[in-house]
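Asks: Quick one: this structure, given as structure tokens, is what I'll be asking you about.
Since every read-out is calculated from the coordinates, none of them should be taken as a lab result. No experiment lies behind these values; they were computed from the predicted model shown. Reconstructed Cβ throughout: ideal geometry from the backbone, glycine too, with neighbour counts over all protein chains shown.
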Amino acid sequence: KAGVTQTPRYLIKTRGQQVTLSCSPISGHRSVSWYQQTPGQGLQFLFEYFSETQRNKGNFPGRFSGRQFSNSRSEMNVSTLELGDSALYLCASSLGGLAGAETQYFGPGTRLLVL
Amino acid sequence: AQSVSQHNHHVILSEAASLELGCNYSYGGTVNLFWYVQYPGQHLQLLLKYFSGDPLVKGIKGFEAEFIKSKFSFNLRKPSVQWSDTAEYFCAVTLNQAGTALIFGKGTTLSVSS
């Protein structure tokens with residue numbers, strides 16, 4: 001079974017631009033969560049989508065948004081990029097039915113550098 | 001706010017030494033507990049998890065962890081480490097009423113010398 005895939009793997013943008021990251025979950029998984037990983041703040045939860053609806057949201061500004069499609073693939077968008085948005089963005093998928101009591105499987109991440 | 005604390009930022013061991021990494025969480029309700037590992041150049045992988053039942057859980061590659069509810073702890077152990085265990089280890093929790101949002105500790109870097 002194929003794992004979680006994320007595209008692109010690397011991205012360089014400049015301040016003020018916007019970016020869209022994509023995540024394809026494991027087949028049959030309906031929940032997709034996004035995390036931001038930085039050396040200073042560690043791994044922080046951004047949001048979770050289940051059956052095309054945002055089910056949970058972390059403490060990030062409105063510049064960070066996402067969506068999920070009917071095939072469970074998810075995209076994350078960051079508008080008006082800031083230098084501090086430079087990070088590794090991780091996507092994780094799970095079956096979704098049991099919410100917290102499930103294993104999340106992580107993708108390789110998209111490394112975003114904002115100049 | 002709920003948080004997860006990992007006491008050791010960097011641990012250095014020789015092969016065959018025993019390992020224990022500490023993890024404490026701050027939440028009085030029901031939690032689900034996880035240890036994830038990130039090997040150099042690889043993505044996060046699940047080592048083990050605790051949802052309910054026997055508080056001593058066994059994971060992959062000889063790792064185990066014990067949930068002690070009274071101490072809000074979920075420490076990771078391995079009796080004899082190998083060079084291939086060099087990696088970053090993350091403790092994480094989810095709260096049943098908060099969906100799948102994993103709350104991670106800051107991570108512990110383990111360096112094993114051969």
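Asks: Alpha carbon centre of the range B:42-104 versus the range A:57-71: separation in Å?
Replies: 27 Å
Asks: Let me ask something else about it. In the Gaussian network model of chain A, springs joining C-alpha atoms below 10 Å, which of A:G16, A:G42, A:G58 carries the largest mean-square fluctuation?
Replies: Looking only at A:G16, A:G42, A:G58, the biggest GNM fluctuation is shown by A:G42.
Asks: Using alpha-carbon pairs under 8 Å, 6+ residues apart, how would you state the relative contact order of chain B in percent?
Replies: Computed value for chain B: 37 percent relative contact order.
Asks: Among B:F63, B:F90, B:F74, determine the one that fluctuates most according to a GNM of chain B built with springs between C-alpha atoms less than 10 Å apart.
Replies: With Cα springs under 10 Å in chain B, the top fluctuation among B:F63, B:F90, B:F74 is at B:F63.
Asks: Anyone know which of B:A16, B:A92, B:A65 comes out most mobile in the 10 Å Cα GNM of chain B?
Replies: Answer for the Gaussian network model of chain B: B:A16.
Asks: Listed here are the pairs A:K13/B:K49; A:K57/B:K61; A:K57/B:K58; B:K58/B:K106; which of them are more than 28 Å apart at the Cα?
Replies: Details: A:K13/B:K49 37 Å; A:K57/B:K61 33 Å; A:K57/B:K58 31 Å; B:K58/B:K106 23 Å.
Listed pairs above 28 Å: A:K13/B:K49; A:K57/B:K61; A:K57/B:K58.
Asks: Out of A:G16, A:L46, B:S5, whose Cα points farthest toward the positive end of the dipole of the protein assembly as shown (charges: +1 Lys, Arg; -1 Asp, Glu; placed on Cβ)?
Replies: A:G16
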